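All of the numbers you see were taken from the coordinates with simple rules; none came from a lab. Just so it is clear, the model here is predicted, and its values are computed rather than measured. For neighbour counting, all protein chains shown are included, and Cβ atoms are generated from backbone atoms with ideal geometry for every residue, glycine included.
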Amino acid sequence: MNTPPPQTNRLQALYRMFADHPKVGLLGWILSALLTIYLSVSANHKPDLTYLVNPAKAAVVRSTQSSALAFTFDGKPLKGDVTAAQIMFWNAGDKEIRPADVRKPLHIFTQPATRILEVQLRKTTSDVVHVDLDKSRLDNGELTVKWDILEPDDAAVIQLIYVGDEEIRIEADGKIVGQARISRVERRRGVDITNEQRVPLWLVRSILILFLIPSVSLLNAANRQFGLGQRVNGWGSLAGALILLVFLIYAFFNLPPTPPFDF
């Protein structure tokens, strides 16, 4: 008669403990969740330079509607449409971004390339940011942005007035130490984002975790109540754990960053 090795017996005993005693499993999930929350809030410090283009662009001049009028810029005739757009950039991470951390400066450009007539810094979260706009390549549809320091949640809004219609896209790129490329957030027209509506990302993640933790325990309790057996109870625990894992992955990696203020 073959006797199972002691290690197998210990694993089976551990499995039965979690399958037959949901409270033990629930306690383990709670401790794991608290550790995960702590590590996500306090240990994962990194910058996250992010930008958002306001989908609501404004028509400054429309050539089809102004046939009897002539427009000039810097004393030169201006032909074609002229549009105003706004772009916001901010540090969505939890570590400041200093000039020494910038491997490639923030580069804002039009796509396809078209002449930028004017740029203006409209708003910042703090005076210490000291945003510097390099306008030397505006004729090529390019703008370089620098700053003294960008603390977490520090942001700025820049307005661009360019030659072209609303179909011209506003793009940005750059490289930061610890961030291979900057992030872009999309926003639908008519959706407002304000400080009052903004919820800390760690809080959203924590609520999702704490809401899903009891699912395994409740599933085990239901199996025991209706007498479905130890095997079903064990598979229920595994299914609950997999569901919890999927939601954790979604909560920690798929929630987009939220800007500190609206345009």
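Each part gets one Cα centre, and for the range 45-62 versus the range 123-194 those centres are 7 Å apart.
Could you calculate the FRET efficiency of F73 with A100 from 1/(1 + (r/R0)^6), where r is the beta carbon distance between them and R0 is 51 Å, rounded to 0.05?
For R0 = 51 Å, the calculated efficiency reads 0.85.
Note on D127 and A84: the model spin-label points, each 7 Å out from Cα along the C-beta direction, lie 2.6 nm apart.
For the range 49-178, the relative contact order works out to 35 percent when only alpha carbon pairs closer than 8 Å and six or more residues apart are counted. Stretching the chain fully between S183 and E171 yields a gain of 3.2 nm (0.36 nm per residue, less the alpha carbon separation). Excluding V129 itself, calculate the net charge of residues whose Cβ lies under 12 Å from the Cβ of V129, where each Lys or Arg counts +1 and each Asp or Glu counts -1. For residues surrounding V129, the net value is -4. Here the spin labels are modelled as points 7 Å beyond Cα on the Cα-Cβ line, and at K135 and V60 they lie 1.1 nm apart.
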